[in-house]
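The block underneath contains the structure these notes are about, expressed in structure tokens.
The values are calculated or read from the model by the stated rules, or taken from the named source; none is laboratory data. Fair warning: this is a prediction, and the values are worked out from it, not measured in the lab. All Cβ positions, even for glycine, are placed from backbone atoms using ideal geometry, and neighbour counts span all protein chains on display.
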Amino acid sequence: MISCQSLFKTFNQLEVLKGIDLELAEGEVVVIIGPSGSGKSTFLRCLNFLEAAGSGTISINGQAVGTKEGSLNKLRQDIGMVFQQFNLFPHMTVMGNIIEAPVLLKKMTKDQALQKGMQLLKKVGLAEKAEEYPNRLSGGQKQRVAIARALAMEPKLMLFDEPTSALDPELVGEVLGVMKQLAKEGMTMVVVTHEMGFAREVADRVIFMDEGRIIEQGSPNDIFENPKQERTKEFLGLL
Ligand code: ADP
Ligand code: MG
């Protein structure tokens, strides 16, 4: 689903990604952990071309990322992204948010999108909020709507960038619950998070990034119980 080789990215003089390689199979769930500023968000943003890579190659589901302009829409349709700050459209209802992209991009008729939207709202436990506006929802509810909105495009890959970092602690669980369910259903996912419990339980693979590089990767057990690199141990507070 993802093949990324020697990805480098520089902002001005600052080298933020220093040769990232990642191969990800369909249905795999990868959790990326690492300190603030290590390049995790930049990496996710390169995957769906919100940032142009400096050098290296990325292909998603067989499509080369960032080569020809015409394929960008197709790429974005295959990738759903969920951000820390929800990024819902404030002037649209919950259902309006969900059907906007599929209808605008003519993936579905409005009726189909409404039907799909209601299905998705049920899935994230918010069927009764369809006509509500985002500012009347809790953070956890907003994030569940954001997940439903991303799923409305029927993506093949979901990218999550610290989806629970802006939430009050008591609201984290409801969002992680939806993500767990999604993983169980076989969605291919890349999740940047500090939720180590989620990583242990859900990840097929955990990647530790620091200073623009993948320092270490392995099963949750490898990384959390038996990390090999000093920097990983330090990050996990095992030193
Ligand atoms: P993380 O998500 O791991 O915290 P980021 O990918 O957000 O890390 O950032 C990595 C580094 O790149 C940081 O030093 C950050 O300040 C810098 N950076 C990120 N985005 C930009 C940008 N658009 N312009 C300049 N510097 C950026
Ligand atoms: Mg980040």
Checklist entry - Is at least one residue of region 30-52 more than 16 Å from ligand 1 (Cβ to nearest atom), modelled with pLDDT of 90 or more and not in a loop (DSSP other than H, G, I, E, B)? => result no
Checklist entry - Looking only at region 142-171, which residues are of a type outside the set (Asp, Glu) and within 16 Å of ligand 1 (Cβ to nearest atom)? => result Leu159, Phe160, Pro163, Thr164, Ser165, Ala166
Next on the checklist: Quick check on Ser55: is it of a type in the set (Ser, Thr, Tyr) and either buried (at least 18 other Cβ atoms within 10 Å of the Cβ) or touching a residue at least 24 places away in the same chain (Cβ under 8 Å) (or both)?
Outcome noted: yes
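To keep it simple, each residue is scored yes or no on (1) within 16 Å of ligand 2 (Cβ to nearest atom); (2) not aliphatic (A, V, I, L, M).
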{"position": "Ala127", "(1), (2)": "no, no"}
{"position": "Glu131", "(1), (2)": "no, yes"}
{"position": "Arg136", "(1), (2)": "no, yes"}
{"position": "Gly139", "(1), (2)": "no, yes"}
{"position": "Lys142", "(1), (2)": "no, yes"}
{"position": "Ala148", "(1), (2)": "no, no"}
{"position": "Pro155", "(1), (2)": "no, yes"}
{"position": "Pro163", "(1), (2)": "yes, yes"}
Next on the checklist: Anything in region 175-196 that is of a type in the set (A, V, I, L, M) and crowded, with 19+ Cβ neighbours inside 10 Å? List them, or say none.
Outcome noted: Val175, Leu176, Val178, Met179, Leu182, Ala183, Met187, Met189, Val190, Val191, Val192
Next on the checklist: Going residue by residue through region 113-123, is there one that turns out to be touching a strand residue (DSSP E or B) at 6+ places or on another chain (Cβ under 6 Å) and under 22 Å from Gly177 (Cβ atoms)?
Outcome noted: no
Checklist entry - List pairs: first in region 181-203 and closer than 21 Å to Lys123 by Cβ, second within 16 Å of ligand 2 (Cβ to nearest atom) and aromatic (Phe, Trp, Tyr), Cβ under 8 Å, 6+ apart or cross-chain? => result Met189/Phe160; Val190/Phe160; Val191/Phe160; Thr193/Phe160
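Residue by residue, here is whether (1) at negative phi; (2) within 13 Å of ligand 2 (Cβ to nearest atom); (3) within 16 Å of the chain's Cα centre (by Cα) holds:
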site: Ala52; (1), (2), (3): yes, no, no
site: Gly66; (1), (2), (3): no, no, no
site: Leu72; (1), (2), (3): yes, no, no
site: Ile79; (1), (2), (3): yes, no, yes
Checklist entry - Does region 59-66 contain at least one residue that is over 30 Å from Gly125 (Cβ atoms), in contact (Cβ under 8 Å) with a residue 24 or more places away in the chain and among the hydrophobic types (A, V, I, L, M, F, W, C)? => result no
